[in-house]
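The values are calculated or read from the model by the stated rules, or taken from the named source; none is laboratory data. Computed from a predicted structure; not experimentally measured. Methodologically, a virtual Cβ is constructed for each residue, glycine included, from the backbone with ideal geometry; neighbour enumeration extends over all protein chains shown. Surface areas here come from the heavy atoms of the whole protein model, side chains and all, with no ligands, DNA or RNA. Shrake-Rupley method; radii C 1.70, N 1.55, O 1.52, S 1.80 Å.
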Amino acid sequence: MKKITNICCIGAGYVGGPTMAVIAHNCPEIKVTVVDVNAARINDWNGEDLDNLPIYEPGLKEIVAQVRGRNLFFSTDIDKGIKEAQMIFISVNTPTKTYGKGKGKAADLKYIELCARKIADVATEEKIIVEKSTIPVRTAQTIKTILENTGNQIKFQILSNPEFLAEGTAVNDLQHADRMLIGGDHSTADGREAIDSLAAIYEHWLPAERIIKTNLWSSELSKLTANAFLAQRVSSINAMSAICEKTGADVEEVSRAIGADSRIGSKFIKSSVGFGGSCFQKDILNLVYIASTLGLNEVADYWEQVLLINSYQRRRFAENIVTSLFNTVADKKIAFLGWAFKKDTNDTRETAAMYVADYLIDETANISAYDPKVTQSQMYSDLEHLATRSNEENARRLKAEADPYEACRDSHAIAILTEWDEFRTYDWQRIFDNMKKPAFVFDGRTIVDKDKLSAIGFKVYQIGKG
Ligand code: NAD
Ligand code: UGA
């Protein structure tokens, strides 16, 4: 087995940064270099102020502080990183295509292809290539074909090693991964050796029995399957939340009751205003596209429903705000608590908050948003991405506040979009005193104490509670 002492990771994002920091932390004898075309991002990873790393993850800055400059390096010199490394991780983004064939569904593999071509161009010795990005099943074949046809006749081994970390808990998820999946070519000695070399890295801190070895295609498909199953659970409980609201059942009680069945389990059945994040929607769209291109239309329709329920849930939440506020929010101030797609992250990709904001701005509401980790410019860029109206109109209708009490002052209603812990401990009496009456709270995360807030005088709506 080849002992790996030099790794390069292409892509210094939410996956590349934390994953490589944890590898460097656990494997002091391996030099890990993370490279990226985005010079500003690399600059931020190298910045003096560890509170300003490009990605906020609990526990990350402590690890970076220990290993950066020791055996973890961030650089824009992609060629050098590739040349020196024995093993190259590809952790670039694979967003939904916004053009051409498969637009709006298929994964855009242009960045993956650029990486493969770059490696082929630069590499002068044999390398192990590790797909870390989430990609459609059989992408390894594309990478292999590019490497074999455009390279310097060097031998490459391609492995699939999808990442299962969730944002907000990335460091913990990496350090205590339930499983590490490695797909590779078991039919050749070189293939088996490459798989073992990668497994040996993870065995520095994970028990060997947690490392699952499969063929390439199973590994690639397992990643899409895992995300589809997780998102499906959220859509399933969200579908039930609508029934709960109409019948007097309580979705939290339903979750607790079903989650106690060990076959179902208690995770990922928390009803919400809808799942967000960079991957669930993108990966299910990709799965739907793959199924339909294989002629499996029933399978495609099945998975598409998970996304339809998610849009329905966001819309239902926003519609309820308008209906409750006497059928108009025109020029009313609505305070948003939370904008990130979940707590403990500054990531806003596909956040439910932006869709709810978009709906309310269409109804000419004024939004005053507070999120402990999201800036106003990020909120504007999220709305711009939806391309519903001019940037000027968005800027007129949405303002971010650095203080939650100011965000809520003089508002007609508060919408809770993210489950940040601090929202639970606010002085809700103070908030109530400074609001217009009747004062509404729309809790899209079921985090506030409904009885306590009702006793103060709030009119409280919680997802899944009649
Ligand atoms: P990201 O957008 O945060 O980071 C990707 C980085 O790759 C960017 O900094 C970009 O500049 C860089 N990049 C793109 N093309 C490049 C090139 N040709 N050369 C050098 N750098 C290049 O994305 P992410 O959230 O880290 O996701 C990366 C992949 O991991 C995606 O496929 C995603 O589906 C998957 N994934 C993400 C998560 C998550 O929680 N975000 C979890 C598991 C898997
Ligand atoms: C998800 C998966 O959990 C990871 O395993 C996977 O690696 C990652 O996608 C990826 O491929 O990008 P992430 O999107 O970071 O991770 O966060 P999750 O904790 O899965 O939450 C996703 C969304 O679902 C959030 O908006 C969250 O609030 C929502 N959610 C989650 C619920 O509404 N209810 C739940 O019970 C759980």
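Taking the listed residues Thr351, Thr323, the one that is closer than 18 Å to Ile414 by Cβ and within 16 Å of ligand 1 (Cβ to nearest atom) is Thr351, with no other qualifying. Any residue that is away from ligand 2 (no atom under 14 Å from the Cβ) and within 19 Å of Arg233 (Cβ to Cβ) - is there at least one of those in segment 282-289? Yes, segment 282-289 contains at least one residue that is away from ligand 2 (no atom under 14 Å from the Cβ) and within 19 Å of Arg233 (Cβ to Cβ).
Note on segment 110-207: enclosed helices (runs of 4 or more DSSP H) holding 2 or more residues that are under 30 Å from Tyr56 (Cβ atoms) are 110-122, 170-175, 189-202. Checked against (1) under 21 Å from Thr19 (Cα atoms); (2) away from ligand 1 (no atom under 15 Å from the Cβ), Gly102 meets all criteria but (1).
Candidates are the residues of segment 146-178 that are of a type in the set (Asp, Glu) and over 13 Å from the mean Cα position of the chain (by Cα); the one that is least open to solvent (accessible area, probe 1.4 Å) is Asp173.
Residues of segment 286-306 that are touching a helix residue (DSSP H, G or I) at 6+ places or on another chain (Cβ under 7 Å) and either in contact (Cβ under 8 Å) with a residue 40 or more places away in the chain or of a type in the set (Gly, Ala, Ser) (or both): Asn286, Leu287, Val288, Ala291, Ser292, Ala300, Trp303, Val306. Within segment 235-269, the set of residues being open to solvent by 60 Å² or more (accessible area, probe 1.4 Å), away from ligand 2 (no atom under 13 Å from the Cβ) and of a type in the set (A, V, I, L, M) comprises Ile243, Ala257, Ala260. Restricting attention to segment 270-294, the residues that are away from ligand 1 (no atom under 13 Å from the Cβ), open to solvent by less than 40 Å² (accessible area, probe 1.4 Å) and on the phi < 0 side of the Ramachandran plot add up to 6. Determine which member of the set Thr98, Thr94, Thr142 is within 16 Å of ligand 2 (Cβ to nearest atom) and either open to solvent by 60 Å² or more (accessible area, probe 1.4 Å) or modelled with pLDDT of 95 or more (or both). Only one candidate qualifies: Thr94. All of (1) away from ligand 2 (no atom under 16 Å from the Cβ); (2) of a type outside the set (Gly, Ala, Ser); (3) touching a Leu at 6+ places or on another chain (Cβ under 6 Å) hold for Asn71 with one exception: (3). Within this structure, Thr375 passes the test of being over 23 Å from Gly464 (Cβ atoms), open to solvent by 20 Å² or more (accessible area, probe 1.4 Å), away from ligand 1 (no atom under 16 Å from the Cβ) and touching a strand residue (DSSP E or B) at 6+ places or on another chain (Cβ under 8 Å).
Would you mind stating whether Lys105 is assigned to a loop (DSSP other than H, G, I, E, B), more than 20 Å from Ile212 (Cα to Cα), open to solvent by 10 Å² or more (accessible area, probe 1.4 Å) and in contact with a Leu (Cβ under 7 Å, 6 or more places away or on another chain)? Answer is yes for this residue. Within segment 1-35, the set of residues being open to solvent by less than 20 Å² (accessible area, probe 1.4 Å) and near ligand 1 (Cβ under 10 Å from one of its atoms) comprises Cys9, Ile10, Gly11, Ala12, Gly13, Gly16, Gly17, Pro18, Thr19, Val34, Val35. Checked against the criteria, Lys373 does not count as among the basic types (Lys, Arg) and closer than 16 Å to Phe317 by Cβ.
For segment 110-140, a tally of residues being within 11 Å of ligand 1 (Cβ to nearest atom) and either charged (D, E, K, R) or more than 18 Å from the chain's Cα centre (by Cα) (or both) returns 13. None of Asn394, Asn434 is open to solvent by 20 Å² or more (accessible area, probe 1.4 Å) and in contact with a helix residue (DSSP H, G or I) (Cβ under 8 Å, 6 or more places away or on another chain) except Asn434.
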